[in-house]
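The values are calculated or read from the model by the stated rules, or taken from the named source; none is laboratory data. Everything quoted here is computed from the prediction, not taken from an experiment. Cβ placement follows ideal geometry from the backbone for every residue including glycine, while neighbour counts extend to all protein chains displayed. Heavy atoms of the whole protein, side chains included, go into the accessibility calculation; ligands, DNA and RNA do not. Shrake-Rupley method; radii C 1.70, N 1.55, O 1.52, S 1.80 Å.
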Amino acid sequence: MHPAIQMTGRSRNTSFLVEQSRSGLAELAVWTILLLAMFLAPGRHQLLSEIAIVALFVLSLDLIMGYAGIVSLGQAAFFGVGAYSAGLVAIYVTSDPVIGLLVSAAAAGLVGFATSFLVLRGSDLTRLMVTIGVTSLLGEIANKATGITGGADGLQGISIGPLLGLIPFDLYGTTAYGYSLAILFLGIVLARRIVGSSFGLSLRAIRDNQLRASAVGIPVNARLVAIYTISSVYAGVAGALMAQTTQFVSLDVFDFHRSADALLMLVIGGTGYLYGGIIGAGVFKLIQSVLSDATPQYWHFWLGLLLVVLVQVGRTRVIRSIANLLGLGPRQISPQANDAKMSQPR
Amino acid sequence: MSTNALETRQLVKRFGGITATDNVSFTLEQGSRHALIGPNGAGKTTFINLLTGVLNPTSGCVLLNGEDISGLGIHGRVRRGLVRTFQINQLFPTLTVLETLALAVSERDGFGRNPWRPAGSRHGIMKQASALADTFLLTDVLRNIASSLSYGQQRLLEIAVAFASRPKVLLLDEPAAGVPEHDRATILDVLASLPRDVSVVLIEHDMDLVFSFADMITVLVSGSVLTRGSADQVSSDPRVKAVYLGEAEHE
Amino acid sequence: MLTILFDGVAYGMLLFVLACGLAVTLGLMNFVNLAHGAFAMTGGYVTTVLLNDWHVPFLMALPIAFLATAMLGLLLERTLYVRLYTCGHLDQVLFSIGIVFMSVAAVTYFMGSQQQSFQLPAFLQGRFELELLSVGRYRALVVAMGVAILIILQVILMKTSFGSRLRAAVDDRRVARGLGISVGPIFSLTFAIGSGLAGLGGALGVEIVGLDPNFPLKFMIYFLIVVTVGGTSGLIGPFLASLLLGIADVAGKYYLPDTGSFAIYTLMIVVLLMRPQGLLSKAQ
């Protein structure tokens, strides 16, 4: 079409985008640690399993916030749908965990798809309202539908059969950790594929500049619906894992704290490079166990204080210095750049 | 008779009580170089926004190659070959030059829906992206993110992105405004070497550029067409002079 | 029927008093302050303590609640909030959630997690029995105060030089500074008044919606709906949104005890789909 342009083509830099989606040393280190923990911390498998699940949940938030610039305080909605679906499948249909996981993923994806249209238009403010509102709404439904969900008593009598028909879940959470870790690994691998694709590139473009994105021919709304749905599937799988590994679901799956904590973990871990969830969840659980040992009832006070200090000092600065301390390059963690979409006040 | 590349019929846009675009019927012949000029506040930007689908008209319609595109969104029009550049740089701050160009190429070819294949694995896309970078003298900054580029380089990237979408009709909104002299020459060269199967609308204040580039000129004043004609006709039109002299006095 | 409507109106007025401060800080100053409910809760607890422990008359306690909360707002604005005006929304969200967490835990620590209540003075108890409806005296007071506050705020915003300076500062901070308007103090004062009104709302609300340490979380969604649905271009929108929300909530819970609590969410979704920019937005 444009001879002037195409004749001079050279390809010396073309491998750049490929490189980006290749795994690095830091990635390998993370997985080594997580695997080693299986053997080195045998008494902590329940906690580790919880961390892996929460990490997956935070990853779901990273997909929409870190990559597509959608701020949400209602990610718990999909976590809850996944958890209840998994519980109900186990009680009424089959105790096979993998089938339960797939059904929950589908259910959460469906709810995510249906509600995605509400977050398309509008500002950060509208999105906050909608995401909080949808979560409260679902929580209220779960609360009222006592016949199905057990209401405030929670969903009881969940029993989960052996994994793949072979490995039974044990009391120490060893199977649970292995299972959660495997799903988290799968989740990260898939997510990396997605964000490294042309689709993922278009999401980052939308996050950066929605108007310009549509002017290069990107159907912005369709892409946002897609990633929101994918993200809700991730959150739903996390919820299902929690239901299956703890064999209990209660109304607190829809808790505002759950969404807010996820946001905090993501911010601690860093947005937009997929591993923020794992790092954030690890750090968060560490802080939580220290604080709640000291003041079991009031640990959210200290958490709040942490948030206030973090923002006041400048979270970019704090996180970057921690990242440097850990030897993760500054290029990987750049929360500032990644909420470029979060519009500046006038 | 071939259909016009771009055409508007009785296009009207009102904001509350203000008529920003007043019954504009505009035609862009195939392959032509058409400049759209007018004093500040003449409604050029509104008109561009109506063409590209950023705004919906109060009444009237927009036709691209004889086809009514009034119902299409921004991206739908781009897909059909109606591409614009922005007056103020509208780039993706955290995307590198290569990523930005690869994005535009991959969206043009309809790969953007694919969540599986790595963006960089399609050789054709990367080749075209780096070729574009070469043309626009951006090869040295291929791996730099857009927000780190100089203003001139950002302008060049802005236009390169529009090229990457392989336009049939290209709307250039003050492409050379604020660009340093060296880069400016590059931009003008590239514009001059555009293939004739691309029809171009140029919105510009710089009259030297307008008269050297355009074979047709439409003058917009207060939201409606004052006159249209060849460069000679327009430059000798006393009404046009009056409008511009009037503005010069105000400034 | 009319009684329900009136109760809904009263509830809406209460929401307006609670949220109007947020309509200004969030709507006009564009600061996403999710901690607005914490100020309301402060007002509520101040009033409870004044009434129950200090035996201050109710009508005296209200202005004290307003002032105390306004002072707290001023203090926090000067020390913490002021540094975040130019930050992104995410920072504001994180910061204000932090404040919410702290306030919830602190109040639980000092006051316990039980519901708070106090005895209204005799002249505010009981109802006026009119021909078609029966009006609670206390609710009538709330309605009157809601209307009064709307009028006063609207006058301040539109007619006084403070209001025009605030509007200028909100439109463009730099230009306003250039015109010699001291933006900082104006924002501080506005924030303080907004917080004070929230405190007043919290005080008035103890009788109607109750008070416990989870108040800021429970009402966060109501506040957001009022501001988002009402739109961010003035106070009339949030006022109408409050009324709508109040009536929908009360009527929903009365007529459909099982599903009525969904009324506000339904309302939120419907309005959002029909008027994404808010109730009073001009059509684009």
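A few remarks follow.
- Taken over region B:144-164, the criterion of being more than 14 Å from chain A (Cβ to nearest Cβ), part of a helix (DSSP H, G or I) and open to solvent by 10 Å² or more (accessible area, probe 1.4 Å) is satisfied by B:Tyr151, B:Gln153.
- Residue check, B:Val83 over 20 Å from B:Arg228 (Cα atoms) and in contact with a Ser or Thr (Cβ under 6 Å, 6 or more places away or on another chain): yes
- Scanning region A:22-43 for residues that are of a type in the set (D, E, K, R) and either modelled with pLDDT of 80 or more or open to solvent by less than 100 Å² (accessible area, probe 1.4 Å) (or both) yields a single hit, A:Glu27.
- Selection within region C:174-212 - assigned to a helix (DSSP H, G or I), without any contact (Cβ under 8 Å) to a residue 60 or more places away in the chain and β-branched (Val, Ile, Thr): C:Val175, C:Val183, C:Ile186
- Residues that are assigned to a helix (DSSP H, G or I), within 25 Å of C:Phe191 (Cα to Cα) and at the interface with another protein chain (Cβ under 8 Å from one of its Cβ atoms) occur at least once in region C:105-125.
- Filter pass, A:Ala337 being of a type outside the set (Lys, Arg), at pLDDT below 75 and open to solvent by 30 Å² or more (accessible area, probe 1.4 Å): yes
- Residue in region A:101-113 that is open to solvent by less than 40 Å² (accessible area, probe 1.4 Å) and either touching a Lys or Arg at 6+ places or on another chain (Cβ under 7 Å) or without any contact (Cβ under 8 Å) to a residue 40 or more places away in the chain (or both) present: no
- Qualifying residues in region A:118-157 (those that are outside any helix (DSSP H, G or I) and hydrophobic (A, V, I, L, M, F, W, C)) - the one surrounded by the most Cβ atoms within 10 Å (Cβ to Cβ): A:Leu155
- Flag if C:Val104 is at pLDDT 90 or above and open to solvent by 10 Å² or more (accessible area, probe 1.4 Å): yes
- Considering (1) in contact with a strand residue (DSSP E or B) (Cβ under 9 Å, 6 or more places away or on another chain); (2) at the interface with chain A (Cβ under 10 Å from one of its Cβ atoms); (3) farther than 19 Å from B:His75 by Cα, the lone condition that B:Lys168 does not fulfil carries the number (3).
- Residue match in region C:149-166 (condition: within 14 Å of another protein chain (Cβ to nearest Cβ) and either under 21 Å from C:Ser195 (Cα atoms) or not in a helix (DSSP H, G or I) (or both)): yes
- Scanning region C:50-90 for residues that are assigned to a helix (DSSP H, G or I) and either at positive phi or surrounded by fewer than 17 Cβ atoms within 10 Å (Cβ to Cβ) (or both) turns up C:Asn52, C:Asp53, C:Leu59, C:Met60, C:Pro63, C:Leu67, C:Met71, C:Leu75, C:Arg78, C:Thr79, C:Val82, C:Arg83.
- Qualifying residue in region C:219-233 (condition: touching an Asp or Glu at 6+ places or on another chain (Cβ under 8 Å), open to solvent by less than 10 Å² (accessible area, probe 1.4 Å), in a helix (DSSP H, G or I) and of a type in the set (Val, Ile, Thr)): no
- One residue stands out among those in region C:186-221 that are away from every other protein chain (no Cβ under 14 Å) and of a type in the set (S, T, N, Q): the one that is farthest from A:Phe301 (Cα to Cα), which is C:Thr190.
- Condition check for A:Gly187: under 19 Å from the mean Cα position of the chain (by Cα) and within 9 Å of chain B (Cβ to nearest Cβ): no
- Of all residues making up region A:86-96, the number that are surrounded by fewer than 24 Cβ atoms within 10 Å (Cβ to Cβ) and in contact (Cβ under 8 Å) with a residue 24 or more places away in the chain: 5
- Residue satisfying condition, being under 18 Å from B:Gly152 (Cα atoms) and not in a helix (DSSP H, G or I), within set B:Leu172, B:Leu226: B:Leu172
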